[in-house]
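Okay, so here's the structure we're looking at.
The values are calculated or read from the model by the stated rules, or taken from the named source; none is laboratory data. What you see is a predicted model, and the numbers here were worked out from it, not measured in a lab. The accessibility values were calculated without ligands, DNA or RNA, using every heavy atom of the protein model including side chains. Shrake-Rupley method; radii C 1.70, N 1.55, O 1.52, S 1.80 Å.
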Amino acid sequence: MNPQCARCGKIVYPTEKVSCLDKNWHKGCFHCEVCKMTLNMKNYKGYDKKPYCNAHYPKTSFTIVADTPENLRLRQQSELQSQVKYKKDFEESKGRGFSIVSDTPEMQRLRRTQEQISNAKYHEDFERARGRGGTPGLDDHSMERYHLTVSSCRSQRVYRALYDYAAQDHDEVSFRDGDVIVNAQPIDEGWMYGTVQRTGKSGMLPANYVESCN
């Protein structure tokens with residue numbers, strides 16, 4: 001006995017029968033449930049024992065998402081949105097007095113400039129206090145260091161550092177505010193060569209960072 005077609009319910013004869021999805025179909029009835037496109041055994045996709053074309057095959061949900069180009073694009077878009085939100089929050093926090101500053105070369109340069117300005121301000125206050133016969137806010141250790149510096153300056157023809165300076169090149173020498181510079185020799189406009197008495201190291205140094213003790 002010939003079976004019935006799963007689509008139209010009519011008798012299916014062997015010459016026109018398609019057996020698939022545990023059912024029998026007429027060749028013309030074996031089509032996509034959505035667009036009605038006629039299918040065959042090579043191009044159909046079965047879902048819930050019904051035939052579908054590739055375009056209308058029901059999408060199933062998975063808990064593990066494959067790294068398809070579309071999913072990668074969506075993830076990148078999400079990361080970009082997160083970065084934009086972080087930047088917005090960062091700008092708002094700066095307005096409230098907070099800052100997250102990375103230690104970039106530019107920030108290091110600005111920090112050195114600020115330190116030099118602070119040193120210059122301190123020297124200005126120091127000179128004013130010295131004119132009044134005192135020293136501004138120095139503890140016992142700083143007072144001892146200051147008197148030793150003055151004594152060294154008076155005993156020989158040397159220079160005293162006005163500010164801290166960090167060597168910027170291999171032929172330069174670093175020193176601190178108040179260090180004594182001996183054997184100082186002018187090299188050209190703005191630079192001189194000398195030895196830091198505290199460290200014993202010699203090298204080039206900016207002339208506007210020191211003053212003669214004599």
Starting from the Cα gyration tensor of the stretch 159-212, take the square roots of the eigenvalues, sort them a ≥ b ≥ c, and report rounded, prolate or oblate (rounded when a/c is under 1.5, otherwise prolate if a/b is larger than b/c, else oblate). rounded
Just to verify a number: what accessible area does K10 come out at with the full protein assembly present, 1.4 Å probe, Å² rounded to tens? 140 Å²
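Would you work out what percent of the accessible area of the stretch 159-202, with all protein chains in place, is carbon or sulfur (probe 1.4 Å)?
Roughly 43 percent, rounded to a whole number.
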Å² of accessible area per residue within the stretch 5-52, as computed with a 1.4 Å probe and no ligands counted: 65 Å²
Prolate/oblate/rounded call for the stretch 1-59, Cα gyration tensor, a/c under 1.5 rounded: prolate
List, in the order given, every pair from K10/K42; K17/K59; K17/K50; K23/K49; K27/K50 whose Cα-Cα distance in the structure shown is over 19 Å. K10/K42; K17/K59
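Leaving out ligands, DNA and RNA, what percent of the accessible area of the stretch 1-59 is carbon and sulfur, probe 1.4 Å?
Working: 2060 of 4090 Å².
Of all accessible area on the stretch 1-59, carbon and sulfur atoms account for 50 percent.
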In Å², and per residue, what accessible area does the stretch 159-212 have when probed at 1.4 Å with the other protein chains present? 54 Å²
For V158, enumerate residues with amide H under 5 Å from its amide H, sequence gap 5+ or separate chain, H modeled in the peptide plane. C213, N214
